[in-house]
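The values are calculated or read from the model by the stated rules, or taken from the named source; none is laboratory data. Just so we're clear, the structure is a prediction, and the values are computed from it rather than from any experiment. Methodologically, a virtual Cβ is constructed for each residue, glycine included, from the backbone with ideal geometry; neighbour enumeration extends over all protein chains shown.
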Amino acid sequence: MVRLPQLSANRIYPAKSFNNLNFASNPTKQQCPSLLKSNAILRFRALSQLHFATDSKTCVPLSWNSLIRGFATSKGESQREAIWAFIAMRRSEAIPNELTYPFLFKACAALLALEEGRQVQSDVLKRGLGSNIYVQNTLIHFYGSCSKTVDARLVFDEMLIRTVVSWNSIISACVESSQFCDAVGLLGNMRDGGHEPDETTMVILLSACAELGNLSLGRWIHSQVIEKGLIVNCKLGTALVDMYAKCGAVDYASLVFHRMPERNVWTWSTMILGHAGLVEDGKRFFDEMKHVHGIKPMMLHYGAMVDVLGRASCLEEAFAFVMNMPIEPDAIVWRTLLNCCNIHAKNDYDGVGEKARKRLLELEPRRSGNFLMVANKYAEVGMWAQAAHVRNGMRDMGLKKMAGESCIEVHGSILRFVSGDSFQLNRDGILLLLDGLNLHMKLVEYELSSFVIL
């Protein structure tokens, strides 16, 4: 049986504790007006008055499972209502089964409801369903969505039977937490376990390659797609375009893009971003998307164009583009603009960087990365007092800097380095090599200065 990750015995919640979740057990009109207004809840109320169709062996009301599944797979705030439906189900005489919990975990994953999901897992273990493969797969997905990779890995490691979906779930959990090297490493383990990757696996791994900038590995994954005869659907094609673009192989990205029989808004956004630095090409793709293919730009498309203009040092044009957007720009758009200002206009003579900084901190006042970006920008131009003020503000708010991490590829192997990590296997050899390089540079500098004097 799978252990409950990071939960002590006194934190396994009894059944009645579901009434103490963040979702009221008896919602009122003031607590959730949208709930009472929806037709789905009217049906929910009606269902609660009926005798349900049941499975004769388990006495599980099939209508409850259908209702929970309907809420969990709907868009918007319906996932919250799925948990409310489960609370009402528990208060009735209905007994949940293995078909109930997967959709509950999906709802908790969509809501990032960590504590609620853990209480649901507690209920799973009490029902003796902790080893059910469908429940375990969605549990891994839930923990991955909440960036709890350790918990997801614990569930995965204790699975008696695994499927391709199980492997995809744990690989995706690593990617969600930016553990890209671990995600790529799991591919070999997956094959050793007798499972061949499918289209979904390739999409997840390509996203890891894109973030690592590992073009050779990305090409190898592309070759595996071709060798196995996998269908390059819109999702897989977009992942390939994204990988090639982020790894600097824009020509290959364009080749895949033009060979795709079907493209969606994500494909176009990826292609626009891939042409960062090529302003005219980026503008052309943006205009074609709107006027030729009739695709209405979304926030990510506007953000892509800001990135294209910013990387080309067209900062004032980028700022004007942001201000003229038909939708309110989000924090990602402003952060993109600020990052470009930090690179191309450190002295910020036109004031674009300061305007972007102010708006970004208004939208995300507790994101440590934003403060670090601003502090580093001040430090680079010698504004030490302002930089110290920003860092002191971070400290006062309890914000911490995430450890820096980088990966390099050497002869097909990926090596990861984390700031402050003194347990690297080849640490002594690395330090010795760095000392040698440092000495060599000093010798070269001395020889050059002697040459100039002569």
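Any residue in region 340-356 that is in contact with a Phe, Trp or Tyr (Cβ under 9 Å, 6 or more places away or on another chain) and acidic (D, E)?
Yes, region 340-356 has at least one match.
Which of the residues spanning region 244-256 are assigned to a helix (DSSP H, G or I), modelled with pLDDT under 90 and buried (at least 16 other Cβ atoms within 10 Å of the Cβ)?
Across region 244-256, the qualifying residues are Y244, A245, K246, V250, Y252, A253, S254.
Take the residues in region 192-240 that are of a type in the set (S, T, N, Q) and outside any loop (DSSP other than H, G, I, E, B), then tell me which one is surrounded by the most Cβ atoms within 10 Å (Cβ to Cβ).
At the first step, the residues of region 192-240 found to be of a type in the set (S, T, N, Q) are 200-201, 207, 214, 216, 223-224, 233, 238.
When the remaining residues are screened for being outside any loop (DSSP other than H, G, I, E, B), the result is 200-201, 207, 216, 223-224, 238.
Values: T200: 17, T201: 23, S207: 20, S216: 11, S223: 10, Q224: 16, T238: 26.
So, considering only residues that are of a type in the set (S, T, N, Q) and outside any loop (DSSP other than H, G, I, E, B), the one surrounded by the most Cβ atoms within 10 Å (Cβ to Cβ) is T238.
Here's a check for you: in region 362-385, which residue that is charged (D, E, K, R) and either modelled with pLDDT of 80 or more or not in a loop (DSSP other than H, G, I, E, B) (or both) is surrounded by the most Cβ atoms within 10 Å (Cβ to Cβ)?
My answer is K377.
Exactly one of these conditions fails for F142: (1) crowded, with 19+ Cβ neighbours inside 10 Å; (2) modelled with pLDDT under 95; (3) touching a Leu at 6+ places or on another chain (Cβ under 9 Å). Give me its number.
The single condition F142 does not satisfy is (2).
Please tell me if R127 is in contact with a Pro (Cβ under 7 Å, 6 or more places away or on another chain) and farther than 21 Å from S172 by Cα. Lay out the reasoning, then the answer.
Values: in contact with a Pro (Cβ under 7 Å, 6 or more places away or on another chain): yes; farther than 21 Å from S172 by Cα: yes.
Yes, satisfied.
Among the listed residues L215, L187, identify the single one that is under 29 Å from V308 (Cβ atoms) and not assigned by TED's automatic domain parsing to the domain that holds K148.
Result of the check over L215, L187: L215.
How about region 260-308: which of its residues are part of a loop (DSSP other than H, G, I, E, B) and under 22 Å from M323 (Cβ atoms)?
Scanning region 260-308 gives A276, K296, P297, M298.
This table checks each residue for (1) under 17 Å from A208 (Cβ atoms); (2) of a type in the set (K, R); (3) crowded, with 19+ Cβ neighbours inside 10 Å.
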| position | (1), (2), (3) |
| --- | --- |
| Q119 | no, no, yes |
| I133 | no, no, no |
| T138 | no, no, yes |
| S147 | yes, no, no |
| A152 | yes, no, yes |
| E158 | no, no, no |
| S166 | no, no, yes |
| V175 | yes, no, yes |
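Would you call P102 over 16 Å from the mean Cα position of the chain (by Cα), under 27 Å from D198 (Cα atoms) and not small (G, A, S)? Working first, answer last.
Numbers: over 16 Å from the mean Cα position of the chain (by Cα): yes; under 27 Å from D198 (Cα atoms): yes; not small (G, A, S): yes.
So P102 fits the description; yes.
As an exercise: evaluate G213 against (1) under 24 Å from W268 (Cα atoms); (2) at pLDDT 90 or above and give the number of the one condition it does not meet.
Result: G213 passes all but (2).
Among all residue pairs at least 6 apart or on different chains, which show Cβ distances below 7 Å where the first residue, located in region 210-236, is at positive phi and the second is crowded, with 16+ Cβ neighbours inside 10 Å?
G213/K246; G213/C247
Out of I408, I430, I need the residue that is within 30 Å of A183 (Cα to Cα), modelled with pLDDT under 80 and part of a helix (DSSP H, G or I). Which one?
Every option except I430 fails the conditions.
Restricting to region 86-101, name every residue that is out of contact with any Pro (no Cβ under 8 Å at 6 or more places or on another chain) and surrounded by 24 or more Cβ atoms within 10 Å (Cβ to Cβ).
Of everything in region 86-101, those that are out of contact with any Pro (no Cβ under 8 Å at 6 or more places or on another chain) and surrounded by 24 or more Cβ atoms within 10 Å (Cβ to Cβ) turn out to be T100, Y101.
When you check A388 against the structure, is it modelled with pLDDT of 70 or more, small (G, A, S) and surrounded by 17 or more Cβ atoms within 10 Å (Cβ to Cβ), yes or no?
So A388 does not fit the description; no.
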